[in-house]
Number of protein chains: 2
Amino acid sequence: MSPRRQHASASTITEVAKLAGVSIATVSRVLSNHPHVSDEVRQKVLDAVRQLGYEPHRVAQRLRARQSRLIGIIATDITNPFLNTVMACVEEVFFARGFTVLMSNTNADRKKELNYLSMMESEAIDGLVITPTSENVDRVAELSEKGLPITVVDRRMTAGRVDVVLSDNVAGARAATEHLLRLGHQRIGHIGGPLHLTSGRERYEGYREAMQASSWPASPDLVHFGDYRRESGYNAATELLQSDTPPTALFVANNLMTLGALNAIHDQGISIPDDIAIVGFDDMPWARSLNPPLTTVAQAVEEIGYRAARLLMARIEQPDLPPRTEVVGTQLMVRASCGAKNPLPSP
Amino acid sequence: MSPRRQHASASTITEVAKLAGVSIATVSRVLSNHPHVSDEVRQKVLDAVRQLGYEPHRVAQRLRARQSRLIGIIATDITNPFLNTVMACVEEVFFARGFTVLMSNTNADRKKELNYLSMMESEAIDGLVITPTSENVDRVAELSEKGLPITVVDRRMTAGRVDVVLSDNVAGARAATEHLLRLGHQRIGHIGGPLHLTSGRERYEGYREAMQASSWPASPDLVHFGDYRRESGYNAATELLQSDTPPTALFVANNLMTLGALNAIHDQGISIPDDIAIVGFDDMPWARSLNPPLTTVAQAVEEIGYRAARLLMARIEQPDLPPRTEVVGTQLMVRASCGAKNPLPSP
DNA sequence: ATGAAAGCGCTAACAA
DNA sequence: TTGTTAGCGCTTTCAT
């Protein structure tokens, strides 16, 4: 690393104290609204603060106070509309409560996750919302056991004292698959999420349950797994469509992969829903502007975000609460892509 | 705020020193790879570190070292695909260089922006990438003048010593509008971005230039402004379409508003491109899966992200560089939504 | 090659 | 009501 200059340091509490003619302790008291300060002194200090444009040095504050009013969010993919909406909701809630929210993007990379985890820890955050890269990130369990309030979103965690908010993935996936079965499909393909995530497993499970209960249990060649990114959806769909006996319908485990699958289908000049029906997981505000309007299993995104915030807030205030898991229902948004005859008008 | 327990504090450098039988200075040296340490001592220290699971306290480190290897990103809307992709790129570059990247979401709210700005400052970040809420955020100029390396993305800033990366908005908007004119449209509507952002003004300007140069200069009732969010695009489109003399074509200034406009058009049962043609700003990977495939002015998103990172890195290493502004070209992706007869196949 | 010690800017316990 | 002072955990001279 090459040389680096410090940017001019701001004024310190000492300078404020000097200018106001008081001790630094008094300045500190004024700034943290302690009761026992005379109005006169308070005013002098405030004036000095304004005059110098003083702002407390948060790093120093944190070193002493060990309480940061800082909330961390660690997400696997900030470009995922589901995740970034959840993040925005969490931020909104905590900001309104006077917290500052720091976010980071692991890109589903375990090394990055570890790095951000320890960076958040040493920033002395008061709480963490995370979508872990897998269900057994020891560091998360460890931190939660050490007493750091943590809420896990979108997937379950096996270890640690963490709160969890997620959708009812099995039911959602089952509903999607049953819907396709009801429409007469027999060869229903599934583009699944990573099996090291409970969401991937649960959505797959819902699909399998539905198929099993039907007269046409899923054959393995109908199932491809991706990594929740667009490209993997594109690739999986391409392979599925080019197989000898392609599926007549597709259930895709998340938003980005569905978008990829859509592109793949369009590239092959195949028509939806006539040649192939498709149902995605995760609704998007513009799902009905897709070609054709996309049938999806809608997760209650905002609700998940707000619940995550609420759970975390509760644990911050009361660290000894028993760990809770909240499961939020999903809703099947029937639009044209599944080929249902009379799709209800849907938002 | 209610009571809050500290989560068990990790081991400190003192404990490591004690266990290794050396001074804390030596531990510090080992950890920062100083040359003059005997291999024997180094090994002892490393062992102690491992044994205690010691991790340096970054807050304390920062208080002394005044160099954090921390990069901040402040964005107006993390749910915007353009912005979050840029953010992901910046993160990627800096993480690879050993920096930790902290992001925050202002939701285009000036108060939040100010808060995050001073929070980033007092975290002693080494550099900042920001999409400011307006071109005259004094605090940004101030920080840059104080010596904090700052790169502004997507919009220009009038004050401060900052680097800037943005698209050639005027040219992009002009190209989009001219394309529609060439297709024979005369009443071309524009859903613009906020005029307090240079991107909003420049895209409007490109549209106006093109119209002016045509035989059908834009009438004011053809222009509505939104706030770059989906709802505003929906509302603007709805109003435009319900006017007495609705436009036959629409040029929309960003991705989210275009998606909103699309929804509005679909809700009114109007057909694209027969009844109305539409061109959006910002391409999206799934633009061709929209109904119909969407013609857009594609910004070089990744390129913008990487350039922003490069500019910032350069300034961190060499703070006295003169401020630079880099303008990146756009590309018109012709698809079906504009009604062009033979849209080229496009990715 | 190693250690002692001086702070970084702040908070809070203790004195006055 | 206000001031003095002891650290928080670490880096970095300055000695040795």
- [ ] Looking only at region B:117-129, decide whether some residue is within 17 Å of the chain's Cα centre (by Cα) and more than 22 Å from A:F94 (Cβ to Cβ).
- [x] yes
- [ ] Could you list all residues from region B:36-51 that are in contact with a Lys or Arg (Cβ under 9 Å, 6 or more places away or on another chain) and more than 10 Å from DNA strand C (Cβ to nearest atom)?
- [x] B:A48
Task: Odd one out for B:P292 among (1) of a type outside the set (S, T, N, Q); (2) on the phi < 0 side of the Ramachandran plot; (3) touching a residue at least 60 places away in the same chain (Cβ under 8 Å) - done: (3)
TODO: Working carefully through the options B:M284, B:M257, find the one that is assigned to a helix (DSSP H, G or I) and within 14 Å of chain A (Cβ to nearest Cβ).
DONE: B:M257
Open item on the list: Against the condition under 16 Å from B:G189 (Cβ atoms) and free of Cβ contacts under 8 Å to residues at least 40 places away in the same chain, how does B:E239 come out, does it pass?
Closed with: yes
- [ ] Identify the residue in region B:23-35 that is among the polar types (S, T, N, Q) and within 7 Å of DNA strand C (Cβ to nearest atom) and, among all such residues, is modelled with the lowest pLDDT.
- [x] B:S23
Open item on the list: Suppose the filter is closer than 24 Å to A:L63 by Cβ, away from DNA strand D (no atom under 16 Å from the Cβ) and outside any strand (DSSP E or B); does B:S118 pass it?
Closed with: yes
Open item on the list: Going through A:S104, A:S144 one at a time, which residue ends up being part of a strand (DSSP E or B), of a type in the set (G, A, S) and touching a strand residue (DSSP E or B) at 6+ places or on another chain (Cβ under 7 Å)?
Closed with: A:S104
- [ ] Given the conditions (1) more than 25 Å from B:P56 (Cα to Cα); (2) surrounded by fewer than 19 Cβ atoms within 10 Å (Cβ to Cβ); (3) within 12 Å of chain B (Cβ to nearest Cβ), report the number of the one that A:S134 does not fulfil.
- [x] (3)
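Conditions (1) within 13 Å of chain A (Cβ to nearest Cβ); (2) of a type in the set (A, V, I, L, M); (3) without any contact (Cβ under 8 Å) to a residue 24 or more places away in the chain; (4) within 16 Å of DNA strand D (Cβ to nearest atom), marked per residue:
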| position | (1), (2), (3), (4) |
| --- | --- |
| B:A20 | no, yes, no, yes |
| B:V27 | no, yes, yes, yes |
| B:V30 | no, yes, yes, yes |
| B:V37 | no, yes, yes, yes |
| B:V45 | no, yes, no, yes |
| B:D77 | yes, no, no, no |
| B:L102 | yes, yes, no, no |
| B:T106 | yes, no, no, no |
| B:D109 | yes, no, no, no |
Task: Single condition A:V16 does not satisfy, out of (1) surrounded by 22 or more Cβ atoms within 10 Å (Cβ to Cβ); (2) modelled with pLDDT of 90 or more; (3) more than 8 Å from DNA strand C (Cβ to nearest atom); (4) not in a loop (DSSP other than H, G, I, E, B) - done: (3)
Open item on the list: I'd like the full set of residues that are within 10 Å of DNA strand D (Cβ to nearest atom), under 28 Å from the mean Cα position of the chain (by Cα) and not in a helix (DSSP H, G or I), limited to region B:47-75.
Closed with: B:R66, B:Q67
Open item on the list: For region B:147-182, give me each residue that is part of a loop (DSSP other than H, G, I, E, B), without any contact (Cβ under 8 Å) to a residue 60 or more places away in the chain and more than 14 Å from chain A (Cβ to nearest Cβ).
Closed with: B:R155, B:M157, B:T158, B:A159
Task: Filter result (more than 17 Å from the chain's Cα centre (by Cα) and either at pLDDT 95 or above or of a type in the set (K, R) (or both)) within region A:130-141 - done: A:R139
Task: Every residue from region A:183-202 that is in a loop (DSSP other than H, G, I, E, B) and touching a residue at least 24 places away in the same chain (Cβ under 8 Å) - done: A:L183, A:H185, A:Q186, A:R187, A:G193, A:P194, A:L195, A:H196, A:L197
TODO: Might you check whether a residue that is within 30 Å of A:I130 (Cβ to Cβ), more than 10 Å from every other protein chain (Cβ to nearest Cβ) and assigned to a strand (DSSP E or B) occurs anywhere in region A:89-96?
DONE: no
Open item on the list: For region A:63-75, which positions are crowded, with 22+ Cβ neighbours inside 10 Å, closer than 23 Å to B:L63 by Cβ and facing chain B (nearest Cβ under 10 Å)?
Closed with: A:G72
- [ ] Hey, could you check region B:121-131 for residues that are facing another protein chain (nearest Cβ under 9 Å) and outside any loop (DSSP other than H, G, I, E, B) and say which is surrounded by the fewest Cβ atoms within 10 Å (Cβ to Cβ)?
- [x] B:S122
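The values are calculated or read from the model by the stated rules, or taken from the named source; none is laboratory data. Being a predicted model, the structure only gives us computed values, none of them experimental. In this analysis, Cβ positions are derived from the backbone assuming ideal geometry, glycine residues included, and neighbour counts consider all displayed protein chains.
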